[in-house]
Every structure is written in structure tokens, then in C-alpha cells.
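Everything below concerns the one structure shown next.
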Amino acid sequence: MAKELVEFRNLETHFSTSAGTVKAVNDVSFSIREGETLCIVGESGCGKSVTAMSLMQLIESPPGKIVGGEILFEGKDLLKLNKKEMSRLRGKEIAMIFQEPMSSLNPVFTIGKQITEPLLYHLNMSQKEAKARAIELITMVGIPRPEKIFDSYPHELSGGMRQRIMIAIALCCDPKLLIADEPTTALDVTIQAQILDLMRDIKSKMNTAIMMITHDLGVVAEMADFVVVMYAGKVIEEAPVLELFKDPQHPYTQGLLKAKPVLSQRKERLYSIPGQVPNPVDLGDNCHFHDRCEFCMEICKTKKPPLRTHADAKHKTACWLYEEEGKAQ
């Protein structure tokens, strides 16, 4: 069995606002093993991207701050590293594909300049070596005429090509962990399939662990080995992907799966989870999903359920339906 590469232990990331403190990541714990693809799913604002940005030490302060917990990478706590140490690690051992390639790529620098920069910084390559490696990477991600693309600017490329360039930049130093923050957002279905195929191919060739953030359960089914479901800043369920789709335990996960349209089933109205995500400034000491849950009990309104193993050693759920205290009601 592959060993753990990354471990989040009780991570707490908060943001100070005029309305109060937002607990964007609230006591989050999970791990990623070498060569594994772990998908984090949940509605917008549940803390998926903030968890990834906390790992990369890219939380803007103020207003954000990591106030507690640990993030272990190969046994080393990243939160104890200084800026220089983290800078050496970021981009080399851990790389990230950001959500919007057009806003992540610098419009005034050529594609070649942006791919060669981490090669020069992390691997101390010469300009000639870095250019050869950049052209090799552009070819690897499936873009034709790599020499021409090397001298092109981001606005001269299509959305799918820009996303491939983001992948090439992330992979240039052969990272052990690749973080993909909704890498197929705003791409058409054909390009989306190509990007996912590319990432699968990269994983098999390089044994790179992937932490993928998405709200698309189709992507999860296609890519994931393991799934973490987040809601209101907390992990509410985690399981191997086949187990999660076969036996979703948390009512929120069940709602997400019911809301996914199925081509073979024609319905007049698609299912949607009732209610709204709670105000992140006003989260009480209760189950944050209780006012949207059809199985809500009195204990759900007053007490927070722990994340515990129930079905087997790998499937965990935070819900009073599976606790003796809840069953007693």
C-alpha cells in the first residue's frame, strides 16, 4: 500500500471580515497517498479551494490566516517553514493548476518565458536547456507547433490550450503532488475530456499524486481514487470513490448524487437540495446541514456530529444518523 504523502491535521483557516470571522476551513483532517487521485467536492464556498491554498501557503494575510492545525508533507509540517523554504518547495515538490488560466498566466510574458521560469529557479538549468524542456512539455500536453507556441502570448491561445499550458508549467519540475483547482471549468465537453485524459496519462507515467477540487460528480467518477466531501468548511464524508457512489451515507452526499442529471432518466424537474448554505459568520455548535436535511433530529440542532468510521475502515461520515446518541432519539 502506498504511503501517505500529505496529511491535513485539524486545519483551521479563518478570514476576518467586517461582519465577523469566517471559518472557511474548520477543523479539517484527511490524507493523500503517493500516486493517488483525491477529489474534494462540495458546493461553492465550502472551503475546497481555501484548503488547497492553505497547503500552498498562498492565503492572503490579512484578511486570511491559518490559525491552527498541521499540514504534513512527507512528514514535514509546512506551516513551520519560513517563506524561503516554502518558495523552494512550491512549484517543485508541490505544484498547482489554478482555476482560471487567463487570469493565472501573465499577459505580458510569452508562454516560453512562463514555462522556463520555474526550470531556471528550481533546477538551475541554462536558458538553452530550459527552452528544450519547455518545448518538450508543450509537446507532452498535446499542443501542436510547440516552437511557435513557445513564442506566443496567452491571449493568442484558446481556452483549452491555455489550460494545457497551465498543466505544463505545473509539471515542469516533476512534482510529487499536483493540485488541480477545477481544471475543466468553462471548457467545452470535448476539451474537458481531453484535459482529464491528459491528467490521467500524466499520473500513470509519473506516479504523481493529484488533489483535485471540483463540483462535478462526473469528473469525480472518472478521475478519483478517493473522495472527500466538504460542507460549510468541514469534512462530512470521505470514502473510496466506488464505495461513495454505491453507498453514500451523509444526506448531503446523497443530495449531491440525486441532483446529478442522468441521461437515461427523463424528468420534468431536476432534483435540488432544499434551502441554502448557512451564513459562514454565524455557524453554531450544531450540524451545519440540519436545516436542509430531511432526516433532521433534535440533536442535530444543538450538537456537532463527529467524523467517524462506520461502514468499513475507509468510509467515514459526520452524521448523527450513524451515532448511538442519534439513534436513541
Checklist line | Complete set of residues in region 1-57 that are within 21 Å of Pro183 (Cβ to Cβ), basic (Lys, Arg) and touching a Gly at 6+ places or on another chain (Cβ under 9 Å) | finding: Lys48
Next item on the list: Out of Leu123, Leu178, Leu198, report the one residue that is modelled with pLDDT under 90, among the hydrophobic types (A, V, I, L, M, F, W, C), within 28 Å of Val41 (Cβ to Cβ) and surrounded by 14 or more Cβ atoms within 10 Å (Cβ to Cβ).
Entry: Leu198
Notebook entry, point to check: Which residue out of Glu60, Glu129, Glu100 is of a type in the set (Asp, Glu) and surrounded by 15 or more Cβ atoms within 10 Å (Cβ to Cβ)?
Noted result: Glu100
Next item on the list: State yes or no: is Phe245 surrounded by fewer than 18 Cβ atoms within 10 Å (Cβ to Cβ) and assigned to a loop (DSSP other than H, G, I, E, B)?
Entry: no
Notebook entry, point to check: Is it true that Ile32 is under 16 Å from the mean Cα position of the chain (by Cα), within 30 Å of Ser272 (Cα to Cα) and surrounded by 21 or more Cβ atoms within 10 Å (Cβ to Cβ)?
Noted result: no
Notebook entry, point to check: Is it true that Glu156 is loosely packed, with under 15 Cβ neighbours inside 10 Å, within 20 Å of Gln99 (Cα to Cα), among the charged types (D, E, K, R) and at pLDDT 90 or above?
Noted result: yes
Checklist line | Residue count, region 1-25 (criterion: within 21 Å of Ile94 (Cα to Cα) and out of contact with any helix residue (DSSP H, G or I) (no Cβ under 8 Å at 6 or more places or on another chain)) | finding: 8
Note to self: Test of understanding: among Tyr231, Tyr153, which residue is farther than 22 Å from Val6 by Cβ, touching a residue at least 40 places away in the same chain (Cβ under 8 Å) and in contact with a Phe, Trp or Tyr (Cβ under 8 Å, 6 or more places away or on another chain)?
What the structure shows: Tyr153
Next item on the list: Have a look at Val67, Val25 and point out the one that is aliphatic (A, V, I, L, M) and buried (at least 22 other Cβ atoms within 10 Å of the Cβ).
Entry: Val25
Next item on the list: Could you look through region 105-114, keep only residues that are polar (S, T, N, Q) and surrounded by fewer than 18 Cβ atoms within 10 Å (Cβ to Cβ), and pick out the one that is modelled with the lowest pLDDT?
Entry: Asn106
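A quick yes/no check of all residues on (1) out of contact with any helix residue (DSSP H, G or I) (no Cβ under 7 Å at 6 or more places or on another chain); (2) farther than 30 Å from Lys260 by Cα; (3) without any contact (Cβ under 8 Å) to a residue 40 or more places away in the chain; (4) among the aromatic types (Phe, Trp, Tyr):
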site: Asp27; (1), (2), (3), (4): yes, no, no, no
site: Glu43; (1), (2), (3), (4): yes, no, no, no
site: Ser49; (1), (2), (3), (4): yes, no, no, no
site: Ser61; (1), (2), (3), (4): yes, yes, yes, no
site: Glu70; (1), (2), (3), (4): no, yes, no, no
Check: Based on what the data block shows, is Val235 aliphatic (A, V, I, L, M) and either part of a helix (DSSP H, G or I) or at pLDDT below 85 (or both)?
Finding: no
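The values are calculated or read from the model by the stated rules, or taken from the named source; none is laboratory data. In this text the structure is predicted, and so the values were computed from the model without any measurement. Here the Cβ is made from the backbone with ideal geometry for all residues, glycine too, and neighbour counts use every protein chain on show.
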